[in-house]
1. Pairs needed: first member in region 279-291, within 15 Å of Ala203 (Cβ to Cβ) and free of Cβ contacts under 8 Å to residues at least 24 places away in the same chain; second member anywhere, surrounded by fewer than 17 Cβ atoms within 10 Å (Cβ to Cβ) and not acidic (Asp, Glu); C-beta distance under 6 Å; at least 6 residues apart or different chains.
2. Can you tell me how many residues within region 215-252 are closer than 11 Å to Pro17 by Cβ and outside any helix (DSSP H, G or I)?
3. From the residues in region 359-377 that are of a type in the set (Val, Ile, Thr) and in a strand (DSSP E or B), which one is surrounded by the most Cβ atoms within 10 Å (Cβ to Cβ)?
4. With the structure loaded, tell me whether Met368 is at pLDDT 95 or above and out of contact with any Pro (no Cβ under 8 Å at 6 or more places or on another chain) or whether it fails that test.
5. Scanning for something in contact (Cβ under 8 Å) with a residue 12 or more places away in the chain, in the same structural domain as Arg296 (by TED's automatic domain parsing) and more than 20 Å from Val414 (Cβ to Cβ), does region 13-22 turn up at least one residue?
6. Filter region 73-88 down to the residues that are under 17 Å from Leu180 (Cβ atoms) and of a type in the set (Val, Ile, Thr) and list them by number.
7. Filter region 72-86 down to the residues that are of a type in the set (Val, Ile, Thr) and not in a strand (DSSP E or B) and list them by number.
8. Listed residues Ala394, Ala348; which is in contact with a Phe, Trp or Tyr (Cβ under 7 Å, 6 or more places away or on another chain) and at negative phi?
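The values are calculated or read from the model by the stated rules, or taken from the named source; none is laboratory data. Treat the numbers as computed from the prediction; the structure is a model and nothing was measured. Cβ placement follows ideal geometry from the backbone for every residue including glycine, while neighbour counts extend to all protein chains displayed.
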Amino acid sequence: MPSRFEPAGPLRGALRPPSDKSISHRAALIAAMSEGESSVEDFLDSADTRSTLAAVEALGARIDGADGVAPEIRITGVGLQGADSAAIDVGNAGTLLRLLPGWLAGQPGGTWELDGDDSIRRRPVDRIVEPLRRMGASLSCREDRLPPLGVEGAPLTGISYELPVASAQVKSCLLFAGLLAEGETRVVEPLPSRDHSERMLSAAGAEVRRRDGAVAIAAPERLEAGRIAVPADFSSAAFFLVGALLVPGSDVTLTGVGLNPTRTGLLDVLERMGADVEIAVEGDLGGEPAGTVRARASELRATEVAGAEVPLAIDELPLVALAACFAEGTTTITDAAELRRKESDRIATVAAALNALGAKIETGEDGMAIEGTGGLAGGAVDSHGDHRIAMLAAIAGLASRDGAEVSGMDAAAVSYPGFTSDLAVLLG
């Protein structure tokens with residue numbers, strides 16, 4: 001049954017968005033690799049992160065406190081080389097699909113198969129398979145690029161690898177492999193990408209070195225994750241942030257938000273567009289800067305997004321496109337071919353969703369051009385099972401003239417199970 005999002009009065013008030021999905025995935029995996037018991041405070045309870053908890057349990061880790069919504073979960077790890085052989089259902093979790101093989105590949109004697117839903121089976125894994133094979137990994141996959149992905153543990157040797165495209169998931173996979181490889185593993189990035197894995201591995205006792213656009217790691221004797229605190233997810237906060245900019249009279253404050261500079265490229269884009277946004281870094285959560293974001297309704301102007309800015313805002317680029325529909329002038333997004341490798345082809349699905357609501361968007365191989373028309377008329381949108389498209393369409397409906405009918409709104413539960421209830425809070 002489609003969900004209806006009518007044109008709204010102002011969004012007002014304060015709330016803490018859900019915990020960070022990227023950090024929650026990594027916290028569970030690194031805790032599972034660690035010795036002894038680790039605790040994760042404010043772990044995100046969502047479909048994707050439950051897939052990761054189920055995966056580490058299948059590998060032999062013990063999890064306590066994950067039933068229901070617990071403020072803290074405890075994970076007793078298996079150590080760097082203690083993972084049991086298993087068939088792993090990653091569900092819709094692309095992060096799990098791309099990070100976990102790095103750790104498993106270096107455990108001789110083990111065998112694993114990673115598979116998931118229909119969407120996952122369309123998401124390529126060749127970008128991790130190729131460098132892992134260079135390290136000595138034994139991997140198999142459908143058409144040599146698609147899941148299911150088979151892993152047979154084997155001795156690994158560190159390499160220096162230049163990423164063709166900036167990708168935190170590929171980088172993290174290779175750093176995880178480097179934990180078990182002989183010698184140093186070095187990953188060279190064409191542009192900086194989110195660095196949650198590096199921060200967390202360093203805190204757990206790994207020696208991670210960053211220099212001249214590269215990240216290097218050598219195998220530690222052990223990891224001890226200890227206590228990990230997860231801040232609120234900036235990518236989830238961004239929906240309400242942009243909603244506040246677009247709905248007249250809005251004034252929204254989002255608290256406890258992770259403000260890692262490798263994640264907040266959207267803020268720089270919105271500042272150029274004339275957005276009234278205030279940021280206050282208030283402390284540190286689990287090695288990550290965190291604080292408050294306040295956004296008020298604003299008149300926006302067009303901008304260009306390209307190059308080094310793209311990986312710092314990759315998950316928020318759909319929201320840039322939405323904001324651009326309300327801005328004066330034509331906004332261009334380029335160098336963003338990575339969007340085509342997400343839960344859906346987000347260049348195609350973002351353009352289709354917003355055009356269905358009255359936008360004027362033209363797509364290219366690596367981006368799109370959005371003509372600012374002053375607003376959106378409204379209409380019907382299919383999420384295509386993509387959580388970010390579902391939430392994008394909901395916010396667009398609130399800011400439109402006639403509202404939006406969204407099919408597949410349940411996809412939002414992948415990262416933000418309480419999205420509609422939190423939205424209702426801000427709508428009063």
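1. No pair meets every condition.
2. Residues of region 215-252 closer than 11 Å to Pro17 by Cβ: 231-241, 252.
Narrowing the set further to residues that are outside any helix (DSSP H, G or I) leaves 231-233, 252.
Residues meeting the conditions: 4.
3. Restricting attention to region 359-377, the residues satisfying the condition of being of a type in the set (Val, Ile, Thr) are 361, 363, 370, 373.
Next, only the ones that are in a strand (DSSP E or B) stay: 361, 363, 370.
Working: Ile361: 20, Thr363: 16, Ile370: 28.
Among those residues, the one meeting the criterion is Ile370.
4. Details: at pLDDT 95 or above: yes; out of contact with any Pro (no Cβ under 8 Å at 6 or more places or on another chain): yes.
Spelling it out, Met368 is indeed at pLDDT 95 or above and out of contact with any Pro (no Cβ under 8 Å at 6 or more places or on another chain).
5. Within region 13-22 (the criterion being in contact (Cβ under 8 Å) with a residue 12 or more places away in the chain, in the same structural domain as Arg296 (by TED's automatic domain parsing) and more than 20 Å from Val414 (Cβ to Cβ)), the answer is yes, since at least one residue qualifies.
6. If we filter region 73-88 for residues that are under 17 Å from Leu180 (Cβ atoms), which is where we start, we get 77-85.
Selection gives Val78 alone.
7. So in region 72-86, the residues of a type in the set (Val, Ile, Thr) come out as 73, 75-76, 78.
Passing the criteria: only Val78.
8. Working: Ala348 fails: in contact with a Phe, Trp or Tyr (Cβ under 7 Å, 6 or more places away or on another chain).
None of the other options fit; the residue is Ala394.
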